[in-house]
Amino acid sequence: MASLLCNVYAGASFGRPASSGGAGAKPRRMVAVRAEAINPDIRKTEDKVVDSVVVTELAKSLTAYCRCWRSGTFPLCDGSHVKHNKATINENCPYGKVYVYNLPPLFNTEIVKNCHNINPWSSRCDALSNSGFGKSADGISGIVPEKIAGAWFWTDQFSLEIIYHNRILNYRCRTLEPESATAFYIPFYTGLAVERFLFTKNSTTEERDRHCTMMLNWVSDQPFFNKSHGWDHFITVGRISWDFRRSKDEDWGSSCIYMPKMRNITRLLIEKNPWDYFDVATSKSGKISSEIANAAPFLLRRSNTRVYKERFQGILLNQCYSEPGSCRVVDCGGSKCANGTSAILETFLDSDFCLQPRGDSFTRRSIFDCMVAGSVPVFFWHRTAYLQYEWFLPGEPESYSVFIDRNEVKNGTSIKSVLEKISKEKVKSMREKVIEYIPKIIYSNSIHGLEGIGDAFDVAVEGFLRRVKEQEGGYKWK
């Protein structure tokens, strides 16, 4: 029997083909400026407003001078710029702006520079290359149209921290003034920092906790962290929540989430604890660009007749093998799928449904690869998706997916018989809903995101900004 244990580090994902404008070419962007007087009323009769100051005559040793025409004590600063900035936030940032901490490199970029040493078994350099999106998905040009073939990459789900860091530095709602920020991002590569110690024999608890402890000590010295006790701060964690919930020394993982200073910090993870308010599960998918507009018609035209089975438990595996005309198994035994394979993508594209049991943990990367290919996921645990990705998936599960209780399957329910009862019209409607939500579950390779469409990064960050706004004045842990 073929082994179905597929270590899918690599999932097919969209991306933008290389620009024809040369290595230095940059996208052209339009900026609309509202016409109004920069200086509304300060010494308007003067051609040029100039102030000279004798330093020795200053009343205070530290005096703040203005860059803001709204100050009532001009040329001295009275803080009016903070109120003005909040009142005139760009319409594209309705929930406010994000300030990005400038962490010491040992917490992020130095970790990536040592990519050969992150994992004890193999180098992570290829997986973390290309700003975290990995290598181009070669060998799929015969499967998808040529005009979108260059948009796919084999993206490692554990590179999430790099993807978010690169995007947020160019985020349209980023501010360089912490006084004007609604939220604060901590660019710590949490998962990459601990990976080596998770899989190194005889690693100590001190080693598994070291980076997180140092990061929290650094952040807790920042005035805006102390002002809010961290409730308006967030971080990206490219691993599952359970890797950071060690309660006893002899247990697995780091104790990072249980550290007191982490209590109020929101964590964007690839799998959350559904009962922890500060855990938010974000998409595990890879990268796409404006070519999505060309991909949707292609996905709908595919003639789908099979049920895809990538990895399953014994009873379901037997059901799949007993229906070779309607269910297909991709053999990912050993390391066949470790660096991506066109067979997975091709099977998704040829299937109406893809069976998605829980993976090594409750969730699985394959959910997103399945949906990006336009296939309808079939779930057997509510925690695989419904209790995880509320920000990214439709609120009505039946509109895009099928749920079959695993206990019914154990008692003899046929997967095929359940799926065959779904009308062609309903299947078409579900697939259209899946395709509609593709932008929300992928990450754009452009530092500016998708033009006119919010991708998974936008959904996650705007979701957190909205949460902060909604919680203003409410109860927070201290």
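All of the numbers you see were taken from the coordinates with simple rules; none came from a lab. Just so we're clear, the structure is a prediction, and the values are computed from it rather than from any experiment. Every residue, glycine among them, receives a Cβ derived from its backbone with ideal geometry; neighbour counts consider all protein chains shown.
Values computed for the structure shown
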item	result
Order of Glu161, Glu195, Glu408 under a 10 Å beta carbon neighbour criterion, fewest first	Glu408, Glu195, Glu161
Reachable aspartates and glutamates from Lys469, criterion Cα separation under 15 angstrom, eight or more residues apart if same chain	Asp232
Neighbour-count ranking [beta-carbon atoms within 10 angstrom, fewest first] of Trp252, Trp231	Trp252, Trp231
Taking Cys125, Cys77, Cys320 and counting other C-beta atoms within 10 Å, the order from fewest to most	Cys125, Cys77, Cys320
FRET E, pair Lys421, Asp138, Förster distance 51 Å, beta-carbon r, rounded to 0.05	0.80
Straight-distance crosslink candidates among aspartates and glutamates, where the alpha carbon sits under 13 Å from Lys248 and sequence neighbours closer than 8 are dropped	Glu206, Asp209
Rounded, prolate or oblate (a/c below 1.5 giving rounded, otherwise prolate when a/b exceeds b/c) for the range 228-273 by Cα gyration tensor	oblate
Too-long pairs where the Cα-Cα distance tops 28 Å, listed order kept, from Lys135/Lys428; Lys135/Lys424; Lys272/Lys433; Lys201/Lys272	Lys135/Lys428; Lys135/Lys424
